[in-house]
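Coordinate-derived values only; no laboratory data. Computed from a predicted model, the values in this text were never measured in an experiment. With ideal geometry, Cβ positions are generated from the backbone for all residues, glycine too; neighbour counts draw on all protein chains shown.
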Amino acid sequence: MENINICIAGLGNVGSALVQLIEKNAEFVKYKSDLKINIIGLSAKNKSKKRDFDISNYFWVDKPIRLLNIQGKKPNILVELIGYEKDISYELVKSALNQNINVVTGNKAMLAKYGNELFSIAEENKVLLLFEAAVAGGIPIIKTIKNNLFLNKINKISGILNGTTNYILTTMELEDKSFEDVLVDAKQKGFTSDHEAKLDIGGYDAAHKLTLLTSLAYGSEVDFELNEVEGIDKITIEDIKFAKQLGYKIKLISETSIIENTIYASTKPKLVSKENPIANTNGPLNAINVETDELKSLYLEGEGAGGFPTASSILSDIYEISNSTGYKSLGFTNSKLVKFKKFNSSNLESKYYLRIRAKEQPGVLSMITSYFNEANISIEKILQIPDNDSDSIPIVITTHKIISSELLSSVKKISDLDFILGYISLIPIEN
C-alpha cells in the first residue's frame, strides 16, 4: 500500500467535492490502486464557511504557502484550486515546484499565460505539473491526447470547451429568451458569476483551454497569443431563429490545427449543421472532436464543469503521479517544444452567415447584393423575413466559401449605407 500525502489550496465547488470524493471512496481507491490518499492540509479564504464535510478533521492553514511545509513535512502533491491567473496561485505553484513538490491544478488561465515557465521548472526539479481538470472538466481529453493518441499525428481538434456559453445558447433557443435574460439565469444557477462571466462570455475561458490542447497536440510552446477570440455577446435571438430555419445551431466553437507550418487557434461563434453531433450537445455539456492521421474522428462528450466531474479529473492526476516514472507534464520534454507563428486568418476560406437589418424601402436588396457581385462573392441563400416592425426588415444571407478578408471588405461598405440599421451579424459556418 502506497501512502500519498496531498494538500489542497482552494475549497470552492471543486475543492470541496475533491475532499468528499476522497472521503467517500477511500476503501474503493485502496482496493483498485493500492493507494491511500491522505489530506494533510487545507487552506481557503474562509475557514468558517459552511461546507459539506467536517473541516475539523483536517489540518488548516490560513496562508496557502504554508501548505508546502505542514509541521515539518512536505506533501507529495499540492492541489491548486484557487484559480487566480497570477498572484497567490502562480506564487504557490512555482514555490511548490521549486521545492520538488508535484502539482495538480485546474487553473487554465495561469497555465495558458505562464505555462512555459512552470512546466520548465517542473521538469528541472523532476516533478509533474498535471492539469486534466483545467480542460473540459470530467472529460479525459488531456490523457487521451498525451497517452492514447500521442503517437498519432493530430490534424485538428475542435469542439465546445465552455459549458456556460453552451448553456446560454441552448436556453436562448429552447426558451426563446434574449442573451441578457439567459445570462442572468446562468448566474442564478451558478454556471457563472460576475467575475467569471467576462471570461466565459468573451470566449477567453475556452481559449485558455484551447492553448493547452494546442501545446499537447502539436508540441508547441504554451502561447495564449496564438489565439483568435470572439465571444457570444453579440448573438441575438434573431440569429438563433434564423440559423434554425437554415438547418443550423449556433455554438461557441474552439478549434486548433497547423496550417502552412503556423498555428490556427480560434474560439468564436459558428453555425453548425444540425447533423453534426456537436450541434446537439446542449446545456452545460462540453464536446471535443479529435481528427488524426489514423482516426478520422474521435468524439468525446460529457460534463465540462461542476464540482464532482472536475474533482474526478484531479483524482486521475493524483493516480498518474503515483504511477509515473517520468517528468513530461506535456508529454514532450520542454526542449522539444516549438515556437510557432500565428496563422493569418484573413486568408482563411469559409462559408458565412450574415444578418442585416435594413429600412423597408425599394432597392435595398439589389443594392446589398451588388456589393457582393462586385467582389465576386457567391451567395448561397437569401431570406427576407417580414416581422412586426413595419419600418425595417431582416435580410439573411449565406455565402459559398470566401476568403474572410474579401467578405469583410464588402460588409464594411454595406454597413456604411444609410438604410442599414445597427450591427451586421457575421458568423462563419462550420464546414
Could you list which residues have their amide H under 5 Å from that of Lys36, counting only those 5 or more apart in sequence or on another chain, with H placed in the peptide plane?
Glu2, Asn3, Ile4
In nanometres, what is the gap between the two model label sites at Asn155 and Asn13, each 7 Å from Cα along Cα-to-Cβ?
3.6 nm
Counting helices only, and only those DSSP H runs with n ≥ 4, report the 222 nm mean residue ellipticity of the chain as the sum of -39,500 (n - 2.57) divided by its residues, in deg cm²/dmol to the nearest 500.
-10500 deg cm²/dmol
For Asp194 and Lys296 in the same chain, what is the full-extension length gain: residue separation times 0.36 nm, less their Cα-Cα distance, in nm?
32.8 nm
Coordinate range along principal axes, alpha carbons of the range 1-95, Å, largest first:
39, 28, 25
With the charge dipole of the chain built from beta-carbon charges (+1 for Lys and Arg, -1 for Asp and Glu) about the Cα centre, the Cα from Ala243, Asn227, Ala136 projecting farthest to the positive end belongs to Ala136
What angle do you read, to the nearest 10 degrees and between 0 and 90, between the alpha-carbon axis of helix 108-124 and the longest principal axis of the chain?
40 degrees
Taking the Cα centre of the chain as origin, sum charge times position over the Cβ atoms of Lys and Arg (+1) and Asp and Glu (-1), and report the length of that vector in debye to the nearest 20.
1100 debye
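Under a Cβ-only charge scheme (Lys and Arg +1, Asp and Glu -1), can you give me the dipole magnitude of the range 346-429 about the Cα centre, in debye to the nearest 20?
Working: 8 positive and 10 negative charges, 49 e Å.
Charge dipole of the range 346-429: 240 debye, to the nearest 20.
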Spatially proximal aspartates and glutamates relative to Lys341 (Cα-Cα < 18 Å; intrachain offsets below 8 disregarded)
Glu221, Asp223, Glu225, Glu228, Glu255, Glu260
Which residue, Ser33, Thr310, Asn282, has the largest displacement toward the positive end of the dipole of the chain when charges sit on each Cβ (Lys, Arg +1; Asp, Glu -1)?
Ser33
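In cubic angstrom, how much convex hull volume per residue do the alpha carbon atoms of the range 346-429 span? The partial results should precede the final answer.
Details: hull volume 7.1 nm³, N = 84.
Taking only Cα atoms, the range 346-429 has a hull volume of 84 Å³ per residue.
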Between Lys24, Lys108, Lys36, find the one with the highest GNM mean-square fluctuation for the chain; connect C-alpha pairs within less than 10 Å.
Lys24
Chain lengthening between Gln361 and Lys341 when straightened (0.36 nm per residue, less Cα-Cα):
2.4 nm
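Between Gln20 and Ser273, what's the calculated FRET efficiency when r is the beta-carbon distance and R0 is 41 Å? Round to 0.05. Let's see the in-between values first.
Details: r = 41 Å, r/R0 = 0.99.
After rounding to 0.05, the efficiency reads 0.50.
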With viscosity set to 1.567 mPa s at 4 °C, what whole-number translational diffusion coefficient in µm²/s follows for the chain from Stokes-Einstein and a Kirkwood radius over Cα pairs?
56 µm²/s
Computed over the Cα atoms of the range 59-101, what is the ratio Rg over Rh, Rh following Kirkwood?
0.93
Backbone N within the range 122-146 under 12 Å of label point (7 Å from Asn100 Cα along the Cβ vector)
125-127
Run through the DSSP bridge list for the chain and note the antiparallel percent, rounded to the nearest 5.
65 percent
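Kindly give Rg over Rh for the range 182-267, based on alpha-carbon atoms, with the Kirkwood expression for the hydrodynamic radius.
Answer for the range 182-267: 1.05.
Do any of Lys198/Lys336; Lys30/Lys74; Lys241/Lys268; Lys359/Lys381 go past 28 Å between their Cα atoms, and which? Could the numbers behind the result be given before it?
Working: Lys198/Lys336 34 Å; Lys30/Lys74 22 Å; Lys241/Lys268 19 Å; Lys359/Lys381 20 Å.
As for pairs spanning more than 28 Å Cα to Cα, those are Lys198/Lys336.
In debye to the nearest 20, how big a dipole does the range 2-134 give about its Cα centre with +1 on each Lys and Arg Cβ and -1 on each Asp and Glu Cβ?
Numbers: 18 positive and 15 negative charges, 74 e Å.
About 360 debye.
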Using alpha-carbon coordinates, inclination of helix 364-374 to the longest axis of the chain, degrees
70 degrees
With the dipole of the chain worked out from charges on the C-beta (+1 for Lys and Arg, -1 for Asp and Glu) around the Cα centre, which of Thr165, Ile88, Thr214 lies farthest toward the positive end?
Ile88
Any chance you could give the angle, 0 to 90 degrees and rounded to 10, that helix 87-98 forms with the longest Cα principal axis of the chain?
50 degrees
Which FRET efficiency, nearest 0.05, do Asn323 and Leu174 yield, Cβ-Cβ r, R0 35 Å?
0.20
Gyration tensor verdict on the range 359-407 (Cα atoms; rounded if a/c is under 1.5, prolate if a/b is larger than b/c, oblate otherwise)
prolate
Highest-MSF residue in the chain out of Ile288, Ile88, Ile77 [GNM, Cα springs under 10 Å]
Ile88
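Stick to Cα atoms and the Kirkwood definition of Rh, then tell me Rg/Rh for the range 222-326.
Details: Rg = 17.2 Å, Rh = 16.6 Å.
Expressed as Rg/Rh, it is 1.03.
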Determine, at each q value in 0.12 (inverse angstroms), the log₁₀ of I(q)/I(0) that the Debye formula gives when each Cα of the range 76-235 is one equal point scatterer.
-0.57
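What pairs from Lys47/Lys143; Lys94/Lys328; Lys108/Lys251; Lys156/Lys274; Lys45/Lys189 go past 26 Å between their alpha carbons? All intermediate terms of the calculation are to be shown ahead of the outcome.
Details: Lys47/Lys143 34 Å; Lys94/Lys328 17 Å; Lys108/Lys251 21 Å; Lys156/Lys274 21 Å; Lys45/Lys189 22 Å.
Checking Cα-Cα distances, Lys47/Lys143 exceed 26 Å.
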